[in-house]
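Since the structure comes first, as structure tokens, the remarks are kept for the end.
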Amino acid sequence: MRYRRIVNGEPSYGQSQQDFLQGIEAVGQAIATRLSLYSGEWWEDIYDGLPVWTNLLGYEGANKTKSNAIIKARILGTKLDNVSLVTSVENITNTYNSVTRKYTFKGYAKSVYGYISISS
């Protein structure tokens, strides 16, 4: 698997093979990209993305079980050419501060290449 490297939110160009990630690093980049896309943000499919504003923040954000399930499903949906790259998501924990409305999570994803640490 090859995946274009993202640096500071932008795709990397001009460095030949150094612009691409392979193996576990590529899966990690794919997961990070999927988690950073918010629903309604991509013009081609406004239903794709993480429902941050509608399901994770605000009153609904206090429901950690629901939030964990949404994030886990998003991570498990990481695919390349319709082949799933993530087989399981483990040890997801999250915190939500209702005053600052800051939501953080961390956990591990088991990919076809090994385990990947995930955090926000």
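Table for the structure above
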quantity: Taking the chain and dividing mean pair separation by its residue count, relative contact order in percent (alpha carbons under 8 Å, at least six apart); calculated: 17
quantity: Nitroxide proxy distance, nm - points 7 Å out along Cα→Cβ at Ala32 and Asn55; calculated: 2.4
quantity: Tail beyond 17 Å, pair distance distribution of the range 2-119 (Cα, percent); calculated: 59
quantity: Low-density loop cleavage sites - chymotrypsin sites (Phe, Trp or Tyr not before Pro) in the range 1-33, where at most 14 other Cβ are within 10 Å (DSSP); calculated: Tyr13
quantity: Stretch gain in nm, segment Ile24-Asp81, where the contour uses 0.36 nm per residue and the Cα spacing is subtracted; calculated: 18.9 nm
quantity: Contour minus Cα-Cα distance for Thr93 and Arg5 (0.36 nm per residue); calculated: 29.0 nm
quantity: Value at 222 nm in deg cm²/dmol, rounded to 500, when DSSP H runs of n ≥ 4 in the chain each add -39,500 (n - 2.57); calculated: -7000 deg cm²/dmol
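Any read-out appearing in this document is the output of simple, stated calculations on the displayed coordinates, not a laboratory observation. Here the structure is a predicted model, which means the values were calculated and not measured. Cβ coordinates were reconstructed from backbone atoms using ideal geometry, including for glycine residues, and neighbour counts include every protein chain displayed.
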